[in-house]
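To keep things clear, I will list the structure first and then write my remarks on it.
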Amino acid sequence: MVSLCAVVVAGQKRYFPEGALDSASTGSDGFRNRWYSGQLEAMSEPALKPVAGTRTYRFSWLRTFNHPVAIRVVIGQAQCTLHATELDGAGGSAPGRVYRQKVEEIAPEACARFEAFIRDQGFWSIARRGSAVGADGSVWIIEGVTDRYRAVTRWTPESGPVRVIGEQFLSLAGWTFPQREMY
């Protein structure tokens, strides 16, 4: 088994509010914040914070042995934009460099359906963390920012709302992955 303690952190920038990833353990919350933040920093992703008139959702997919991915949807008053980045490293260690990236506008109707989907899956009310953890697998992180911030994480989900929402982000980006990498 590979230990997640080998995680490389680029800068020390914190992308998640204190306690957002593990409110029960300061040590676990800090470790996860450094790990996830290092991956997002390598992707040049912004820290998500409430901005008047804007709603933002992000899916971060950190697979131990495969490329890390972040897909962000920004919904403003005038437009809806998708930002997707995949790095060439590994989500459980060194993130690497940009492998592929896309930024594109999303039609208002598609954006409204996407946001309704997030809401209908219960994102704003499901438990922030699942109980499963492991050394080899992946972490699925869904963040949402409206006038408030929320992060929900699951370790290698095989089903449930976090899995379904993450797959919806991948579909919206138009990115597919071999079945063996869908963990």
Problem - Output for segment 84-120, where each listed residue is without any contact (Cβ under 8 Å) to a residue 40 or more places away in the chain, outside any helix (DSSP H, G or I) and either small (Gly, Ala, Ser) or buried (at least 20 other Cβ atoms within 10 Å of the Cβ) (or both) - result: Ala90, Ala107
Problem - Answer from Glu143, Glu86, Glu104, Glu115 - the residue that is over 17 Å from the mean Cα position of the chain (by Cα), under 19 Å from Ala70 (Cα atoms) and at pLDDT 95 or above - result: Glu104
Exercise for the section: Within segment 147-169, count every residue that is touching a helix residue (DSSP H, G or I) at 6+ places or on another chain (Cβ under 8 Å) and either surrounded by fewer than 22 Cβ atoms within 10 Å (Cβ to Cβ) or not in a helix (DSSP H, G or I) (or both). Expected result: 5
Exercise for the section: Give me the pairs, please: first residue somewhere in segment 146-157 and within 14 Å of Arg72 (Cα to Cα), second residue anywhere and crowded, with 18+ Cβ neighbours inside 10 Å and among the aliphatic types (A, V, I, L, M), beta-carbon distance under 7 Å, and either six or more positions apart or on two chains. Expected result: Ala151/Ala20; Ala151/Leu21; Ala151/Ile141
Problem - Close pairs (6 angstrom Cβ cut-off, 6 or more residues apart or separate chains): of a type in the set (Phe, Trp, Tyr) in segment 23-35, open to solvent by less than 40 Å² (accessible area, probe 1.4 Å) and in a helix (DSSP H, G or I) anywhere - result: none
Fill in the blank from the handout: When segment 46-83 is checked residue by residue, the ones that are under 12 Å from the mean Cα position of the chain (by Cα), free of Cβ contacts under 8 Å to residues at least 60 places away in the same chain and open to solvent by less than 10 Å² (accessible area, probe 1.4 Å) are Pro68, Ala70
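For (1) over 13 Å from Ala173 (Cβ atoms); (2) β-branched (Val, Ile, Thr); (3) touching a Phe, Trp or Tyr at 6+ places or on another chain (Cβ under 9 Å), each residue gets a yes or a no:
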| residue | (1), (2), (3) |
| --- | --- |
| Glu45 | yes, no, yes |
| Ala52 | yes, no, no |
| Thr56 | yes, yes, no |
| Pro68 | yes, no, yes |
| Glu86 | no, no, yes |
| Ala90 | yes, no, yes |
| Glu104 | no, no, no |
| Ala110 | no, no, no |
| Ala116 | yes, no, no |
Practice task
Confirm whether Ser125 is within 23 Å of Val51 (Cα to Cα) and either open to solvent by 50 Å² or more (accessible area, probe 1.4 Å) or in a loop (DSSP other than H, G, I, E, B) (or both).
Solution key: yes
Exercise for the section: Might you let me know whether segment 33-41 holds any residue that is on the phi < 0 side of the Ramachandran plot and open to solvent by 50 Å² or more (accessible area, probe 1.4 Å)? Expected result: yes
Exercise for the section: Quick one: Thr176 ticks every box in (1) closer than 22 Å to Ala107 by Cβ; (2) in a helix (DSSP H, G or I); (3) free of Cβ contacts under 8 Å to residues at least 60 places away in the same chain; (4) not small (Gly, Ala, Ser) except a single one, so which number is it? Expected result: (2)
Exercise for the section: Scan segment 35-49 and give yes if some residue there is within 19 Å of Ile118 (Cα to Cα) and either at pLDDT 95 or above or not in a strand (DSSP E or B) (or both), otherwise no. Expected result: yes
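The values are calculated or read from the model by the stated rules, or taken from the named source; none is laboratory data. Only a predicted model underlies this, so the values are computations on that prediction, with no experimental measurement involved. Positions of Cβ are generated from backbone atoms using ideal geometry, with glycine treated the same way; all protein chains shown enter the neighbour counts. Remember, those area values only see protein heavy atoms, side chains included, never the ligands or the DNA or RNA. Shrake-Rupley method; radii C 1.70, N 1.55, O 1.52, S 1.80 Å.
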